[in-house]
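Report on one structure; see the data block that follows.
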Amino acid sequence: MAETDNDLVIIGAGPAGLTAGIYAARARMNVLLLEKAVPGGQILVTDWIENYSGFPEGISGFDLSEKMKTQAEELGLKIETAEVHSLNLAGEVKEIILKDRSITSKSLIIASGASPRKLGIGEDKFMGKGISFCATCDAPFFKEKTVVAIGGGDTAVQEAVFLTKFASKVYLIHRRDKLRAEKILQERAFENDKIEIIWDSIATGVEGFFGVESVKIKNVKTNEEKTLKADGCFIWVGILPNTSFLNESLKTDETGFIQADKNMQTSVPGVFAVGDVRDTPLRQIATAVGDGAMAAVSAEHFIENL
Ligand code: NAP
């Protein structure tokens, strides 16, 4: 094989990427982790994590990501702030193209995560003016105010409960008559007097002059339309993979999540996918961490067999 800059490049510093980095550093691989923003990924905007083993009292997303990052760096992992523009995976050497240069590697782990899905109800107009995807960042702006939260998954229900620490009223709008979220999260929402769940309903628009003033909703069973007066609107209707740099170089599912086998191997030998960007039935910190460990060991075996 031609000379390369690295044995392994990891794209993304969420729990999956950082864990891959920890295993690769301990295997004494020449490894570089690229992160376009702050290490931590989506857990950085998670207020409190209660289902990651080893933290019976829970831990803040910020503290957990700091611990993972510190552990990886103390083992020698190099973390660089850089955004990946595209990949060239045609040859044996993997080429990672950044804004101003490209780097090469024998193997690659993609841990670029996912971002909140939009609904097209005014996100661009009201972003920073009442529409938000992040309760940890924006909930304090809604002290004693009324907010709408949209979605029925873990994120929407967990964050709706978190919002009640600040807001006086939280409408949770869900398109069905059953929540998808973990049962323990559902129980907390049902028991919370500040949360009113509006079932079988979708949000059809957000209105306001300087900022959000109301959210229009529609019952999908009766077609009845209503306007809820609200100062804020939090949207948590799922996630989309961060794969704009892929250019169809890897096999994905119909939504764009990267397909990989039990060793995290993608459709291109030596390229692995881990965490939320992978086509996986369960997206948790615990599974992301497992993916990262598996991929680093797979990358090590791949290089040994070159
Ligand atoms: P998710 O599990 O995909 O749930 C998305 C929710 O939005 C669903 O309730 C879905 O309704 C609803 N939805 C989707 N499209 C919609 C639309 N166009 N209009 C209205 N509603 C729509 O997404 P998530 O809650 O963001 O979670 C992402 C992943 O992270 C999941 O795997 C989740 O388990 C994980 N996560 C875990 C935790 C935790 O363990 N505490 C916390 C956060 C996230 P339907 O139910 O009808 O499909």
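The values are calculated or read from the model by the stated rules, or taken from the named source; none is laboratory data. Remember, predicted model here, so these are calculated numbers, not experimental data. Here the Cβ positions follow ideal geometry from the backbone for every residue, glycine too, while neighbour counts run over all protein chains shown. The area values use the complete protein model at the heavy-atom level, side chains included, leaving out ligands, DNA and RNA. Shrake-Rupley method; radii C 1.70, N 1.55, O 1.52, S 1.80 Å.
Candidates are the residues of region 113-141 that are of a type in the set (Phe, Trp, Tyr) and open to solvent by 20 Å² or more (accessible area, probe 1.4 Å); the one that is nearest to Ala20 (Cα to Cα) is Phe133. The number of residues in region 142-159 that are under 21 Å from Thr204 (Cα atoms) and without any contact (Cβ under 8 Å) to a residue 60 or more places away in the chain comes to 2. Keeping to region 153-168, report how many residues are open to solvent by 10 Å² or more (accessible area, probe 1.4 Å) and near the ligand (Cβ under 6 Å from one of its atoms). Residues flagged as open to solvent by 10 Å² or more (accessible area, probe 1.4 Å) and near the ligand (Cβ under 6 Å from one of its atoms) within region 153-168 amount to 4. Scanning for something under 25 Å from Glu248 (Cβ atoms) and modelled with pLDDT under 95, does region 45-56 turn up at least one residue? The answer is no; no qualifying residue exists.
State whether the residues of region 67-85 include one that is touching a Phe, Trp or Tyr at 6+ places or on another chain (Cβ under 7 Å) and modelled with pLDDT of 95 or more. Yes, because at least one residue in region 67-85 is touching a Phe, Trp or Tyr at 6+ places or on another chain (Cβ under 7 Å) and modelled with pLDDT of 95 or more. Scan region 81-103 and tell me whether some residue there is more than 16 Å from the ligand (Cβ to nearest atom) and in contact with a helix residue (DSSP H, G or I) (Cβ under 8 Å, 6 or more places away or on another chain). Within region 81-103, not a single residue is more than 16 Å from the ligand (Cβ to nearest atom) and in contact with a helix residue (DSSP H, G or I) (Cβ under 8 Å, 6 or more places away or on another chain).
Would you mind stating whether Ile150 is within 14 Å of the ligand (Cβ to nearest atom) and buried (at least 18 other Cβ atoms within 10 Å of the Cβ)?
Values: within 14 Å of the ligand (Cβ to nearest atom): yes; buried (at least 18 other Cβ atoms within 10 Å of the Cβ): yes.
Yes: the conditions hold for Ile150.
Is it true that Asp291 is at pLDDT 95 or above and either crowded, with 21+ Cβ neighbours inside 10 Å or outside the structural domain of Thr19 (by TED's automatic domain parsing) (or both)? Break it down into steps so the answer makes sense when it comes.
Numbers: at pLDDT 95 or above: yes; either crowded, with 21+ Cβ neighbours inside 10 Å or outside the structural domain of Thr19 (by TED's automatic domain parsing) (or both): yes.
Yes, satisfied.
When you look at Ala299, is it in contact (Cβ under 8 Å) with a residue 12 or more places away in the chain, surrounded by fewer than 17 Cβ atoms within 10 Å (Cβ to Cβ), outside the structural domain of Gly152 (by TED's automatic domain parsing) and in a helix (DSSP H, G or I), yes or no? No: the conditions fail for Ala299.
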